[in-house]
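The values are calculated or read from the model by the stated rules, or taken from the named source; none is laboratory data. Since we're looking at a predicted model, the values are computed, not measured. Neighbour counts are summed over all protein chains in view; Cβ atoms, including those assigned to glycine, are modelled from backbone coordinates with ideal geometry.
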Amino acid sequence: MSATLAFDAVACLRGDRLLFEGLSFTLAPGEAALVTGPNGAGKSSLLRIAAGLLRPAAGRVQAEGTRALAAADGTALDGALPLARALGFWAALDRVRPSAVADALDAMGIAHLAQVPVRLLSTGQRRRAALARVIAGGAAIWLLDEPGNGLDASASERLADAMARHRAEGGIVLAATHQPIGLSDARGIQL
Ligand SMILES: Nc1ncnc2c1ncn2[C@@H]1O[C@H](COP(=O)(O)OP(=O)(O)OP(=O)(O)O)[C@@H](O)[C@H]1O
């Protein structure tokens, strides 16, 4: 997997507030960074900029490889569909191999929920499902907003394992978090 994510003197403006400016970093294959900072500092905004969903007020973002964003709220999954089918919808768009969904459900320990409609999942199960979507999608660059929120100890371990496997394959992880998430050797980006 070949991936690069580079910020070059990036500034972020929300409304009329400058949240950060002059932010530069480069992540090479296998590298990870942890974005920290107080509530409202702009962590989610930074991830949206990294995903290409929000335009920087200044500077440039270069991404080599596909990007997948797991937002802090919501799963981006159809609540009415059974979990496996909701994930399958994205997997089809991402053109991944058919077994990717089952593997991702296994990786997050929710294979037994495959037939349960997404809207009936618990908060932690939904978080696991959102992460399973990213894992199944096969994107090179994972952008994870508060990925540890709502996860129990076992799910946190599964997330740490999934991130380690992803990096070992040359993937990149950029995560915003207030809590430790088992991301070893991650660069710190303090807002
Ligand atoms: N669409 C928007 N228009 C204007 N301001 C916005 C918009 N979205 C977010 N903001 C503001 O930008 C600031 C940064 O928000 P952001 O969600 O990026 O922070 P954060 O560091 O992720 O915060 P938290 O730790 O609370 O999740 C906040 O003050 C927020 O009110």
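Quick notes on this structure:
- If the condition is being within 26 Å of Gly138 (Cβ to Cβ), more than 10 Å from the ligand (Cβ to nearest atom) and not in a loop (DSSP other than H, G, I, E, B), then the stretch 20-52 contributes Phe25, Thr26, Leu27, Ala32, Ala33, Leu34, Ala50, Ala51.
- Evaluation of Arg55 against the conditions (1) within 16 Å of the ligand (Cβ to nearest atom); (2) under 24 Å from Asp185 (Cβ atoms) shows that the sole unmet condition is (2).
- Single residue of the stretch 58-110 satisfying the filter (basic (Lys, Arg) and over 18 Å from the mean Cα position of the chain (by Cα)) that is nearest to Lys43 (Cα to Cα): Arg60
- Scanning the stretch 141-166 for residues that are in contact with a Leu (Cβ under 9 Å, 6 or more places away or on another chain) and either closer than 17 Å to Pro38 by Cα or in contact (Cβ under 8 Å) with a residue 40 or more places away in the chain (or both) yields Ile141, Trp142, Leu143, Leu144, Asp145, Pro147, Gly148, Ala155, Arg158, Leu159, Ala162, Met163.
- Screening Arg17 on (1) within 16 Å of the ligand (Cβ to nearest atom); (2) within 21 Å of His178 (Cβ to Cβ); (3) of a type outside the set (Ser, Thr, Tyr); (4) surrounded by 16 or more Cβ atoms within 10 Å (Cβ to Cβ) shows it passes everything except condition (4).
- Gly137 meets all of the listed conditions (1) in contact with a strand residue (DSSP E or B) (Cβ under 7 Å, 6 or more places away or on another chain); (2) more than 16 Å from the ligand (Cβ to nearest atom); (3) modelled with pLDDT of 95 or more; (4) within 21 Å of Glu169 (Cα to Cα) but one, namely (3).
- Candidate set from the stretch 53-71 (those that are part of a strand (DSSP E or B) and in contact with a Lys or Arg (Cβ under 8 Å, 6 or more places away or on another chain)); member that is surrounded by the most Cβ atoms within 10 Å (Cβ to Cβ): Ala70
- When residues of the stretch 61-89 are limited to those that are closer than 23 Å to Met1 by Cβ and free of Cβ contacts under 8 Å to residues at least 60 places away in the same chain, the one nearest to the ligand (Cβ to nearest atom): Val61
- When Ala102, Ala91, Ala111, Ala132 are checked against the criterion of being modelled with pLDDT of 95 or more and buried (at least 19 other Cβ atoms within 10 Å of the Cβ), Ala132 stands alone in meeting it.
- Per-region count, the stretch 180-191, residues within 17 Å of Arg158 (Cα to Cα) and surrounded by fewer than 11 Cβ atoms within 10 Å (Cβ to Cβ): 2
- Filter pass, Arg127 being basic (Lys, Arg) and either surrounded by fewer than 21 Cβ atoms within 10 Å (Cβ to Cβ) or farther than 30 Å from Gly15 by Cβ (or both): no
- At least 2 residues being within 24 Å of Val61 (Cβ to Cβ) is the threshold, and among the helices (runs of 4 or more DSSP H) wholly inside the stretch 72-191 those reaching it are 83-94, 123-137, 153-168.
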